[in-house]
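*Asks:* First, the structure itself, so that you have it in front of you.
The values are calculated or read from the model by the stated rules, or taken from the named source; none is laboratory data. What you see is a predicted model, and the numbers here were worked out from it, not measured in a lab. Neighbour counts run over all protein chains shown; Cβ positions are idealised from the backbone, glycine included. Heavy atoms of the whole protein, side chains included, go into the accessibility calculation; ligands, DNA and RNA do not. Shrake-Rupley method; radii C 1.70, N 1.55, O 1.52, S 1.80 Å.
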There are 2 protein chains.
Amino acid sequence: MATLRIPQQIPSPTQDSETLRKAFQGWGTDEKAVIQVLGHRNATQRKFITDTYQQLYHQTLIDSLRSELSGDFGKAVILWTYNPAERDARLVNTALKSNKKGVNEVQVIVEISCASSPHHLLAVRQSYCSLFQCSPEEDIIANAPPALQKILVGLVSSFRFDGAVVDLDVANDEADKLQEAISLKQLDQDMVVWILSTRNMFQLKATFESYHQKYGNLIDEDIKHCGNDILESLVKIVIRCIVSPEKHFAEVIRASIDGWGTDEDSLTRVIISRAEIDLMKVRGAYFEMNQTSLDNAVRDDTSGDYRTFLMALLGE
Amino acid sequence: MATLRIPQQIPSPTQDSETLRKAFQGWGTDEKAVIQVLGHRNATQRKFITDTYQQLYHQTLIDSLRSELSGDFGKAVILWTYNPAERDARLVNTALKSNKKGVNEVQVIVEISCASSPHHLLAVRQSYCSLFQCSPEEDIIANAPPALQKILVGLVSSFRFDGAVVDLDVANDEADKLQEAISLKQLDQDMVVWILSTRNMFQLKATFESYHQKYGNLIDEDIKHCGNDILESLVKIVIRCIVSPEKHFAEVIRASIDGWGTDEDSLTRVIISRAEIDLMKVRGAYFEMNQTSLDNAVRDDTSGDYRTFLMALLGE
């Protein structure tokens with residue numbers, strides 16, 4: 001369930017483009033008007049606006065936003081204005097080209113591979129190739145931490161059957177295979193990568209359930225002391241993105257605002273990428289985990305136009 | 001270069017549908033009319049005919065063909081009438097569900113992964129999931145020879161950058177990595193699979209060329225005695241499909257008609273899947289390799305309507 005709120009009467013793409021153009025003109029920028037338009041349009045509507053804006057003013061809307069807006073607010077509005085496949089391709093590229101090479105950086109690849117539709121993942125791969133003249137797989141092999149390359153290549157290459165077909169014999173058999181790999185401390189076995197990256201989501205949930213019943217623990221509880229902290233952490237994120245993506249995203253938001261300072265990039269990523277999908281469920285998961293409201297947490301940790309924009313996407 | 005010949009004046013899809021319907025009516029079938037229509041229309045035109053036929057007669061054209069035609073001729077016309085992505089998805093499925101489990105059966109997966117466009121491969125994967133409610137990767141892991149599973153999963157999951165971007169440093173480096181894997185007799189290394197399944201075709205050709213210059217032999221000449229005949233054979237097919245697909249397909253045709261009897265399934269597959277792509281080049285490669293014409297060879301080894309249909313696709 002989305003949090004994005006769209007008015008009942010939507011102006012035409014031409015009217016929206018004119019409002020945006022007016023907001024950019026003269027001294028300063030009318031940020032409120034930008035939020036009022038873009039913060040209340042879905043991906044299809046934003047696409048129409050982007051196309052119309054370019055036709056009217058012979059300049060891309062992204063270029064105008066880039067020259068008018070700055071800081072975390074500017075980054076957030078620009079990410080939101082890209083079409084979702086291009087946005088995610090850019091997020092993957094930024095993660096892989098980052099100087100930091102931890103799970104925190106590359107988890108976006110897991111999110112797109114395991115908490116998006118198979119068709120969206122294909123669109124992201126196509127967009128990545130068009131933008132960067134190589135496949136995300138090539139950049140993973142060149143840039144991701146060696147321990148994570150195999151599982152990330154598997155996940156990003158996946159195209160799962162998008163339906164609820166479950167074979168319980170397969171679930172039982174693969175629960176045993178996963179248990180064997182965990183007990184051998186070999187999370188990088190081909191079979192582990194294949195199971196996690198080729199099976200459909202319903203099949204995987206049945207496999208994890210079978211694991212729980214057979215071995216007494218949730219599978220992610222057993223993934224520890226496998227001798228590779230970074231791979232363990234990533235596989236746990238994979239499992240969480242498959243079993244309950246809303247809990248994963250609630251965790252990312254909490255981590256992004258916990259302690260001193262805020263990790264605005266992570267906060268922006270989650271709100272922007274889930275506002276049209278399941279941010280309502282993320283809000284529920286956040287409340288369950290923290291006994292406090294996600295909206296209040298975001299409001300307390302942000303300020304200015306950035307806060308206003310995120311709160312708009314949260315449905316305020 | 002295609003061999004398919006399309007008349008300058010093409011009847012409308014409605015006229016073509018009516019001609020086909022008439023050919024099916026009464027005692028027997030007018031096979032000549034079927035060949036005259038379907039054997040001279042490209043994939044887009046066949047799609048229009050298929051859609052129109054269904055609208056006019058409330059029956060799919062495939063069902064009509066299945067009830068009217070039989071034998072190798074029927075199989076060939078039906079394969080040709082599917083849209084190319086569905087045809088290839090069905091060919092992959094037939095290969096994986098075959099009782100025979102050799103390189104000869106699964107090479108179709110290499111052909112689609114390495115001698116088709118990246119977009120066609122994605123379309124085949126989507127079609128496979130729709131038709132069989134699981135991904136081709138899952139069926140490869142369940143059914144392909146164990147030694148081939150890893151490379152086939154890598155290849156079928158690939159989405160290569162579709163352009164001529166070559167990095168000569170990468171080519172040199174990866175030539176060394178391939179040489180090391182060959183000398184260690186470890187063709188199933190992750191790195192080998194990654195190189196062959198993620199790099200673009202121009203990059204791979206540069207890598208094989210670098211290998212040749214550095215180590216004196218063509219890379220496929222060095223792939224022997226790696227301790228696994230079936231994997232060696234498959235990797236050689238991968239390299240051939242990348243370097244010169246026309247030679248690979250000429251080889252498949254020669255093998256299909258060599259000796260006693262004919263392997264009609266292989267012969268049909270090659271002619272149907274390449275008639276709109278590069279069958280003219282396959283014809284040239286065949287002549288170079290055998291000093292005899294491909295058309296004569298096909299004519300001599302086939303008969304009846306099957307022969308007439310294949311010869312039509314060959315541009316007779």
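*Asks:* Tell me which A residue has its C-beta closest to the axis rotating A onto B, and the distance in Å?
*Replies:* A:157, 2
*Asks:* Give me the distance between the Cα centres of the stretch A:1-51 and the stretch B:105-167, rounded to whole Å.
*Replies:* Taking the Cα centre of each part, the stretch A:1-51 and the stretch B:105-167 sit 42 Å apart.
*Asks:* Quick check: at a probe of 1.4 Å, how many percent of the accessible area of the protein assembly as shown sits on carbon and sulfur atoms?
*Replies:* 49 percent
*Asks:* Follow-up. Farthest toward the dipole's positive end in the protein assembly as shown, which of B:252, B:237, B:149, given Cβ charges of +1 (Lys, Arg) and -1 (Asp, Glu) about the Cα centre?
*Replies:* Selected residue: B:252.
*Asks:* Please list B:277-284, B:291-298, A:258-265, B:6-13 highest first by mean number of surrounding beta-carbon atoms within 10 Å per residue.
*Replies:* Listed from highest to lowest mean packing, they are B:277-284, B:291-298, A:258-265, B:6-13.
*Asks:* Can you pull out the chymotrypsin sites (Phe, Trp or Tyr not before Pro) in the stretch A:23-59 whose DSSP state is coil and whose Cβ has at most 12 other Cβ atoms within 10 Å?
*Replies:* A:27
*Asks:* Restricted to Cα positions, what overall size does the protein assembly as shown have along the principal axes? Three whole-Å values, descending.
*Replies:* Result for the protein assembly as shown: principal-axis Cα extents of 82, 58, 52 Å.
*Asks:* Using a label point 7 Å beyond Cα on the Cα-Cβ vector, give me the inter-copy distances for residue B:99 in nanometres, one decimal, shortest first.
*Replies:* 6.5
*Asks:* I've got another one for you. Give the separation of the Cα centroids, the stretch B:202-220 to the stretch B:254-316, in Å.
*Replies:* 31 Å
*Asks:* Place +1 on the Cβ of every Lys and Arg and -1 on the Cβ of every Asp and Glu in chain A, take the dipole about the Cα centre, and give the residue among A:289, A:228, A:25 whose Cα lies farthest towards its positive end.
*Replies:* Of the options given, the answer is A:25.
*Asks:* With a sphere of radius 12 Å drawn around the Cβ of residue B:122, what net charge do the other residues whose Cβ falls strictly inside it have (Lys, Arg +1; Asp, Glu -1)?
*Replies:* Local net charge: +1.
*Asks:* Ignoring ligands, DNA and RNA, what accessible area per residue does the stretch B:245-313 give at 1.4 Å, in Å²?
*Replies:* Result: 42 Å² of accessible area for each residue.
*Asks:* Over all directions, average the projected area of the Cα convex hull of the stretch B:13-69 and note it in nm².
*Replies:* 3.4 nm²
*Asks:* What does the accessible area per residue of the stretch A:13-69 come to in Å², with a 1.4 Å probe and no ligands, DNA or RNA counted?
*Replies:* 54 Å²
*Asks:* Ok, one more. Put simply, what bits of the stretch A:116-145 lose 10 Å² or more of accessible area when the other protein chains are there, versus the chain on its own (1.4 Å probe)?
*Replies:* Output list: A:119, A:122, A:125, A:126, A:129, A:133, A:135, A:137, A:138, A:141.
*Asks:* Buried accessible area for the B:A pair, summed, 1.4 Å probe, in Å² rounded to 100?
*Replies:* Separately minus together, B and A give about 2400 Å² buried.
*Asks:* So how compact is the stretch B:144-201: Cα radius of gyration and Dmax in angstrom?
*Replies:* Both quantities, over Cα of the stretch B:144-201: 12.2, 35 Å.
*Asks:* Do the sum for chain A: with -39,500 (n - 2.57) for every DSSP H run of n ≥ 4, divided by all residues, what is the mean residue ellipticity at 222 nm, to the nearest 500 deg cm²/dmol?
*Replies:* Dividing the helical sum by the residues of chain A leaves -22000 deg cm²/dmol.
*Asks:* Do any trypsin sites (Lys or Arg not before Pro) in the stretch A:42-107 lie in a loop, going by DSSP, with at most 12 other beta-carbon atoms within 10 Å of their beta carbon, and if so which?
*Replies:* A:100
*Asks:* For residue A:100, list the aspartates and glutamates whose Cα falls under 17 Å from its own Cα; do not include residues on the same chain fewer than 8 positions away.
*Replies:* In chain and number order, the partners are A:139, A:229, A:263, A:264, A:265.
*Asks:* Let me ask something additional. Using the structure shown, list the pairs from B:177/B:281; A:97/B:214; B:150/B:247; A:185/B:205; A:236/A:281; A:32/A:97 with a Cα-Cα distance above 29 Å, or answer none.
*Replies:* The answer is B:177/B:281; A:97/B:214; A:185/B:205; A:32/A:97.
*Asks:* Right, here's the next one. For chain B, can you list the cysteines whose C-beta has no other cysteine C-beta under 4.7 Å from it?
*Replies:* Isolated Cys, chain B: B:129, B:134, B:226.
*Asks:* If you build a Gaussian network model of chain B, linking Cα atoms that sit under 10 Å apart, which residue out of B:113, B:256, B:303 swings the most?
*Replies:* The residue with the greatest mean-square fluctuation here is B:303.
*Asks:* Next question. Once you list every other residue whose beta carbon is under 12 Å from the beta carbon of residue A:78, what net charge do they have if Lys and Arg are +1 and Asp and Glu are -1?
*Replies:* Cβ neighbours under 12 Å give a net charge of +1.
*Asks:* Which distances in nm, rounded to one decimal and ordered from shortest, link the label point of residue A:300 to the equivalent label points in the other identical copies, with labels set 7 Å from Cα toward Cβ?
*Replies:* Computed spacing set for this position: 8.6 nm.
*Asks:* Something else about it: In Å², what does the accessible area per residue of the stretch A:123-171 work out to with a 1.4 Å probe?
*Replies:* Ligands and nucleic acids excluded, the result is 34 Å² per residue.
*Asks:* Using a label position 7 Å from Cα in the Cα→Cβ direction, what is the ascending list of nm distances from residue B:14 to the same site in the other copies?
*Replies:* 3.6
*Asks:* Moving to a separate point now. With all protein chains present, calculate the accessible area of residue B:91 using a 1.4 Å probe and round the result to the nearest 10 Å².
*Replies:* Surface open to solvent at residue B:91 totals about 30 Å².
*Asks:* With all pairs of different alpha carbon atoms counted, what Kirkwood hydrodynamic radius in Å does the stretch B:245-313 show?
*Replies:* 11.7 Å
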